[in-house]
Amino acid sequence: MKKSLTGYFVWLFAAVCLYFFENNPGTRIVLCLTAVFPLIPGFRRAVFSCPGRKEPGKRTNSEKDPLTSGQYLPGKGDPGVGVRPYAPGDPAARIHWKLSARYDEILTRAEELEQSDGEREKEKKDAGDGTAGKRRIAFCLYILWPAAILACLLLVPGLRRSAGALCNRIFEESERLNTYLYPRFAVPDGQGILPAAGCLCLIFAGPLAAMILMRSRLTALCFMLFTVGFQVYFGLSLPSWMNAALFLLFALWCMGNRETIRENARILSLAVLSAILVTYIFFPGVNAATESASERARDLMADIAGTDAGAFLDLPGAVSETRHTHDLSPMEGEASARSEREYRPVSVGEQQISGPERTDWVRVLLLVLLAAALLILPFLPFLVLNERRKKVRETTALFENGDTAEAVCAIFGRVIAWLDAMDCGQGNLPCRDWAQGLEQTVSPDYALRFARCAAAFEEAAYSGRAPGEDKRREALELLKDTRNILLQRADGFRRFRLRYFDCL
Amino acid sequence: MRRRLETVLDEVEKVISGKRETVAKILLAFLARGHVLLDDVPGVGKTTLATALSRAVGLSCRRVQFTPDVMPSDLAGFSMYDRSTGSFVYRPGALCGVNIIMGDEINRASSKTQSALLEAMEEKQVTVDGTTYPLEKPFLVIATQNSVGAAGTQALPYAQMDRFLVRLSLGYPDYESQMTMLKDRQGREPMEEIRCVLPGEEVAQMQKEVSTVTSSDAVLDYITRLTMASREHGAVSVGISPRGALFLDRAAKARAWADDRDYTVGADVRDVFGDVCSHRILLKDGSGETAEGVIKDLLKMTESPDRRSFSGRWKA
């Protein structure tokens, strides 16, 4: 596994542990934020990429062009590059008189052989130390810094109280939103939730299957969008820990190793998405527990107040005096968490409450995205199938091409694609050199035929002459055999993938 | 490998055993009209190899021992005043009138002498006092150099390094080869037994044939990508020159010809890339890389033209 991913997993594990240990929303926010950190491109590069690696094509001003400045010979540069201080025993011819005169100290030309043995080793070690140093800094930034802030939040009394206040505030906001959302879901008593839950599961099954089959990061993103969209739209959500786990899963799925611009853009968008998700998990507070608690409270209030409940309607923002006492000690764990959730009834008769006047643009945007995704989803399998059919038609057309050169190239390319898919490939090596490796991985007989075909391919690709029909037939036979041999080797699922996705 | 080349290799093997591949490479460089730089520690048979080769191909050969006081006029010749006619007479130097120049320990020569070699190597001509004299055809320089750092040597200027088609090194022989070598020299001198198996005219003919080998656009594209990648490599301060790219193409052609083809393929370029280009790469100070490592890197990260040709003929 890549080092960067390992680091991420370690931190993730720690974060998840802390998450369950510390049941306080404020702390959880901080935890989630730290989990989002590695998804921000600049930060990720700073932490994980090797600082010793140089960007190709960039030459700093301090490095002079050796051709124009004539400095590329050892012994002509600054002291320290090609010379060393004089040591007793150095031959006089080796003394660099010019530099000695300039630096007022006798300097000896360093021999390149010496450098290649001793100094280069040392340089390598130095470079290694530099990397290790930067790693250490990265570790401090990444692990110790969030940990220190967490510790402060938990241990410093003032901060703890402030965190408590923050939590109160969050719950107020969440309750306000609840009062807005709740009337949208007026249902008769005794309505079963199973059909709807089943439908939801079915919806997720499609993208999930696609994600597994196609290993597409885009699908993961779509899936994530769904999770967010549904929760926001229906106002009921999974427990927040489940949410966090889900989005981290997607995040990991989407995290690439390549440092390309596109990759970074994808990760950046992901970070934005996760930020939205975090906001929606914690600020509305619409998890199931809250939901049921406020429902209970509403019933209670209705019992007490009877039909006069409508009088509360005038209360602006529906909540005003809710206060919770928070003790942020982690020791109390679940018990304290439960006590936080005993909400005071916030308002009654929500059935008649109309929504706020202003439009919730975030909500609208998410709904639009959701609708678009829902529209595309049913057609996705057809799109994939269609694409496949088109590709098959194109390649077979190439095989039958009147120009035998193109045909042989295409057929041979397909053979290589098959070998690559079954890990018998040898990457960037010229095809004529593949035969050796194939002798071991496939069979000597096959390697022989492959070598013959490779020669035909080379002629077709490079000579500008069209090979004969027999070459095309031979190549087609090789392709057929390759298919058969490799399909025999593959096990069930692999065979399915080979046949329908990797090689057409 | 073509039959005629094999016979030359057999002859040379009488003197140097176990270095067949290196000898083949030198021969191919010769066919590609390029010069050869042999780079090694003293005593592994660089000079013996060059002498044996020149005997086997039946070309005239002259050996020039480079020392710090060999002058440019020793190589290119000089004009002398003739009192009887009252005019200047040109006296040819060591480079004139021979096919193969064996420059021994070229990196011990002073820089002005080395620069006198530049014109001879590139344009196959020498200029003395404003008059240009063409050199013999074919003209080949096999230069040997001791590893830089040995006493009294200096690194060759980059411009001169660039003019050698390939840089090769022999390395120490293995156990069997050294035993053979010692046994062969018991009471006789194998160098005497080398016959000329490839007359000079045929060499010229072969050179002509090599130059008719064609390189398709796919191969030229590969060469260009390789050389450009070398200029952008992180550990490299001076990458492969356009001349290097030209030489790479020529060496690949010779290789293809030796393989009985009249077109080059990607594998040809790949095979000769290390020998042709490792001395053209100038590494940054303290990059901790070797030229060989960079070469490997470049070959690894540059997509082979084979892979680009799968969807039919290569198109730009």
statement: Screening B:Val57, B:Val64, B:Val98 for residues that are within 25 Å of B:Glu192 (Cα to Cα), surrounded by fewer than 22 Cβ atoms within 10 Å (Cβ to Cβ) and hydrophobic (A, V, I, L, M, F, W, C) leaves only B:Val98
- request: Kindly establish whether B:Ser111 is over 18 Å from the mean Cα position of the chain (by Cα), polar (S, T, N, Q) and loosely packed, with under 14 Cβ neighbours inside 10 Å.
  value: yes
Residue check for B:Ala204: in a helix (DSSP H, G or I), surrounded by 19 or more Cβ atoms within 10 Å (Cβ to Cβ) and among the small types (Gly, Ala, Ser): no
query: For B:Arg255, which of the numbered conditions (1) facing another protein chain (nearest Cβ under 10 Å); (2) surrounded by 24 or more Cβ atoms within 10 Å (Cβ to Cβ) fails to hold?
result: (1)
query: Is it the case that A:Ala451 is within 16 Å of B:Ser309 (Cα to Cα) and either modelled with pLDDT under 80 or touching a Phe, Trp or Tyr at 6+ places or on another chain (Cβ under 9 Å) (or both)?
result: no
B:Ser54 being within 26 Å of B:Lys25 (Cα to Cα) and among the hydroxyl-bearing types (Ser, Thr, Tyr): yes
query: Can you name the residue in the stretch B:175-226 that is among the β-branched types (Val, Ile, Thr) and within 14 Å of another protein chain (Cβ to nearest Cβ) and is also nearest to B:Arg280 (Cα to Cα) among such residues?
result: B:Ile223
field: Sole exception among (1) more than 9 Å from chain A (Cβ to nearest Cβ); (2) free of Cβ contacts under 8 Å to residues at least 24 places away in the same chain; (3) surrounded by fewer than 18 Cβ atoms within 10 Å (Cβ to Cβ); (4) not basic (Lys, Arg) for B:Gly286, by number
entry: (1)
- prompt: Restricting attention to the stretch B:217-226, does a residue exist that is within 20 Å of B:Gln160 (Cβ to Cβ), at pLDDT 90 or above and surrounded by 15 or more Cβ atoms within 10 Å (Cβ to Cβ)?
  reply: no
- prompt: Within the group A:Ala451, A:Ala466, which residue is assigned to a helix (DSSP H, G or I) and closer than 20 Å to B:Ala256 by Cα?
  reply: A:Ala451
Whichever residue in the stretch A:78-95 is surrounded by 15 or more Cβ atoms within 10 Å (Cβ to Cβ) and away from every other protein chain (no Cβ under 14 Å) and, among such residues, is modelled with the lowest pLDDT: A:Arg84
task: Being over 19 Å from the mean Cα position of the chain (by Cα), crowded, with 16+ Cβ neighbours inside 10 Å, outside the structural domain of B:Leu248 (by TED's automatic domain parsing) and touching a residue at least 12 places away in the same chain (Cβ under 8 Å) narrows it down to one of B:Pro199, B:Pro173, so name that one.
output: B:Pro173
Selected residue (only one of B:Gly43, B:Gly58 is within 20 Å of the chain's Cα centre (by Cα), outside any helix (DSSP H, G or I) and over 14 Å from B:Thr144 (Cβ atoms)): B:Gly58
- request: Only residues that are closer than 17 Å to B:Ala291 by Cβ, surrounded by fewer than 21 Cβ atoms within 10 Å (Cβ to Cβ) and among the hydrophobic types (A, V, I, L, M, F, W, C): list them for the stretch B:227-244, please.
  value: B:Ala229, B:Ala235, B:Val238
field: Among the residues listed as B:Lys300, B:Lys315, the single one being of a type outside the set (Val, Ile, Thr), over 23 Å from B:Val23 (Cβ atoms), surrounded by fewer than 21 Cβ atoms within 10 Å (Cβ to Cβ) and modelled with pLDDT of 85 or more
entry: B:Lys300
- prompt: Yes or no: B:Phe273 of a type outside the set (Val, Ile, Thr), under 25 Å from B:Tyr158 (Cα atoms), more than 12 Å from chain A (Cβ to nearest Cβ) and in contact (Cβ under 8 Å) with a residue 40 or more places away in the chain?
  reply: no
query: Picking from B:Ser216, B:Ser237, B:Ser230, B:Ser241, which residue would you name as being without any contact (Cβ under 8 Å) to a residue 60 or more places away in the chain, hydroxyl-bearing (Ser, Thr, Tyr) and at negative phi?
result: B:Ser237
- prompt: Under the condition of being under 16 Å from the mean Cα position of the chain (by Cα) and small (Gly, Ala, Ser), which residue from the stretch B:260-283 is surrounded by the most Cβ atoms within 10 Å (Cβ to Cβ)?
  reply: B:Ser278
task: Please work out which residue is farthest from the chain's Cα centre (by Cα), limiting yourself to the stretch A:412-447 and to residues that are more than 9 Å from every other protein chain (Cβ to nearest Cβ) and touching a residue at least 60 places away in the same chain (Cβ under 8 Å).
output: A:Val415
- prompt: Which numbered condition trips up A:Phe450, out of (1) free of Cβ contacts under 8 Å to residues at least 60 places away in the same chain; (2) more than 12 Å from chain B (Cβ to nearest Cβ); (3) surrounded by fewer than 19 Cβ atoms within 10 Å (Cβ to Cβ)?
  reply: (3)
- prompt: In the stretch B:205-219, how many residues are over 14 Å from B:Trp257 (Cβ atoms) and touching a Lys or Arg at 6+ places or on another chain (Cβ under 7 Å)?
  reply: 1
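The values are calculated or read from the model by the stated rules, or taken from the named source; none is laboratory data. In this text the structure is predicted, and so the values were computed from the model without any measurement. Using ideal geometry, Cβ is built from the backbone for each residue, glycine included, and neighbour counts are taken over all protein chains shown.
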